[in-house]
Amino acid sequence: AMDAGQFIFEGDELTAMLDFELVGIGDRHADMCALRSRERVEGFDDPEGFYKLYEARGGKRVDIDHVRFQHIAFS
């Protein structure tokens, strides 16, 4: 099982991380897919922007097709 967790920011600074009881260790794409499910419920309005930011800051490419596959499995 996996879950997106909640990240609390003040401006650009990460100040807290909450609710990680279902986060899986292993495939980062599986964790990222949960953001797509929360988009409608919690108003997370730009998962694609998050993926681009992740790539820019983390230096690792996000495979959108793999995220979509994991989203189907998650849902």
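Quote to one decimal, in nm, the extra length available between Asp45 and Phe9 on full extension: 0.36 nm per residue of separation minus the C-alpha distance between them.
Net length gain for the segment: 11.4 nm.
Sort 59-68, 7-16, 28-37 by the packing proxy (mean of other Cβ within 10 Å over each peptide's residues), most packed first. Provide the component values of the computation, followed by the final result.
Details: 59-68: 12.9, 7-16: 8.3, 28-37: 20.2.
The packing order, highest mean first, is 28-37, 59-68, 7-16.
How high is the FRET efficiency between Ile64 and Met17 when r is their beta carbon distance and R₀ equals 25 Å, given to the nearest 0.05?
Using R0 = 25 Å, I get an efficiency of 0.55.
How large is ³J(HN,Hα) for each residue in region 64-70, as worked out from phi by the Karplus curve 6.51 cos²θ - 1.76 cosθ + 1.60 (θ = phi - 60°), to whole Hz, x for Gly and Pro?
Calculated HN-Hα couplings, in order: 4, 4, 5, 4, 4, 4, 5 Hz.
Read-outs throughout are calculated quantities, based only on the coordinates presented, and are distinct from any laboratory measurement. Bear in mind that the values here come from a model prediction, so they are computed numbers and not experimental data. Positions of Cβ are backbone-derived with ideal geometry, glycine not excepted, and every protein chain shown enters the neighbour counts.
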